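Working notes for the structure below.
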Amino acid sequence: MEEMKLTYDFSSFLSEKAWAMAYQRGNFIHKAFYVFRGYLSRLITLFTLNRYDFIFIHRELTPFGPPVFEWLIARVFRKKVIYDFDDAIWMADQRQENFLWKTLKWRSKVASICKWSWKVSVGNQYLGRFASQYCNNVVLMPTIVDTSVHTPPSHQERPMPVIGWTGSHSTLFYLETILPALTLLQERFEFEFLVIANKNPNLPLKHFRFVPWKEETEIEDLSLIDIGVMPLEDTEWSKGKCGFKLIQYLSLGVPAVASPVGVNNEIIQEDLNGYFASSTEEWVSRLSILLRDHQKRTALGNKGRLLIEEKYSVNSQKLTFFNLFRGA
């Protein structure tokens, strides 16, 4: 931001302490208090809008109900809103979502906020096609990492290779897709399967390891992986994914095997930085190639790192981001 002489303030709906509690069972009174405080902070923000030329909104300003604050900011206070999202948040993100939750989430607000926005920033072309129905100024801004921080470790050959996956509790169900393949593979190879997440899936594998996700140790933990995996279901929701797992793996010089769904098709280059797999047989075949060949893993990982530096790094997308704040 210093390059453009921009100053900014950041405001999260929930504090770090509240986020840590959000997905825990119980604590209803505390959660209700934090939600109330979040809405109160948004109300207070309305009285400070004269300080700002742009309002950058990621996903939504409030988690429940209609987009009242977004409407006030764009239509009443006439501020230039830059709306950013990196998932298909206009549709349900759970396979069995009850009516009350659907009502609370008010997903139609995504289209409304797009209409009111000066610009919309999206993580892939699938999201862009949705946003373009409502806004004439849609910018493709892929997910990026800071390659000065995400740096490849030495990746010396280990006695037991590590296949790894990272994600949140809401995406753990994707691992069900590859569990049959992993079960077959452990009969042929000695490998560890590592999951980095905020919930332990307790997979029934011979060498399974769970590492709780922590921001402070995320890169160090990801560096334990020799082969990254990103299974997805071929659904409309999955097509909205922006491939962050793959980008993280490749930035660390880790080759990946992924489902050929959505933006994965743009990030993975077959037999150059990873492989695609759609069936149990293909997952077994592709992972077998990488499990048995350390040099192959290194070569594909190096190519993956180059791709991230070229297309998915802070430096490569800096101008695109700064241009969001330019124009009439």
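The table below lists the values:
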quantity: Proximal lysines to K206, defined as alpha-carbon separation beneath 29 angstrom and excluding residues fewer than eight positions away on the same chain; calculated: K214, K245, K296
quantity: Accessible area of the chain belonging to carbon and sulfur atoms, whole % at 1.4 Å probe; calculated: 54 percent
quantity: Within straight-line cross-link reach of K199, aspartates and glutamates at Cα separation under 16 Å, skipping those fewer than 8 residues along the same chain; calculated: E176, E215, E218, D221
quantity: Solvent-accessible area per residue, Å², over the chain with all protein chains present [probe radius 1.4 Å]; calculated: 53 Å²
quantity: Label zone at R78 (point 7 Å along Cα-to-Cβ), backbone N below 18 Å, the range 101-139; calculated: 116-119
quantity: Helix-only CD estimate at 222 nm, as mean residue ellipticity for the chain, using -39500 (n - 2.57) per DSSP H run (n ≥ 4); calculated: -10000 deg cm²/dmol
quantity: Residue-span extension gain [Q269 to K311] - 0.36 nm each, minus C-alpha spacing; calculated: 13.8 nm
quantity: Probe 1.4 Å, all protein chains present, accessible-area order of T143, T62, largest first; calculated: T143, T62
quantity: Listed candidates (i) 20.7; (ii) 19.3; (iii) 21.5 - label of the one calculated as Kirkwood radius over Cα pairs in Å; calculated: (iii)
quantity: Residue pairs, from the table K239/K311; K115/K318; K80/K109; K241/K311; K109/K239; K5/K79, whose Cα atoms sit over 23 Å apart; calculated: K115/K318
quantity: Virtual spin-label span in nm between D293 and F189, 7 Å along Cα→Cβ; calculated: 1.2 nm
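The values are calculated or read from the model by the stated rules, or taken from the named source; none is laboratory data. Keep in mind it's a predicted model, so treat the numbers as computed, not measured. Methodologically, a virtual Cβ is constructed for each residue, glycine included, from the backbone with ideal geometry; neighbour enumeration extends over all protein chains shown. Each accessible area value is taken on the protein alone, full model and side chains, heavy atoms only, with ligands, DNA and RNA left out. Shrake-Rupley method; radii C 1.70, N 1.55, O 1.52, S 1.80 Å.
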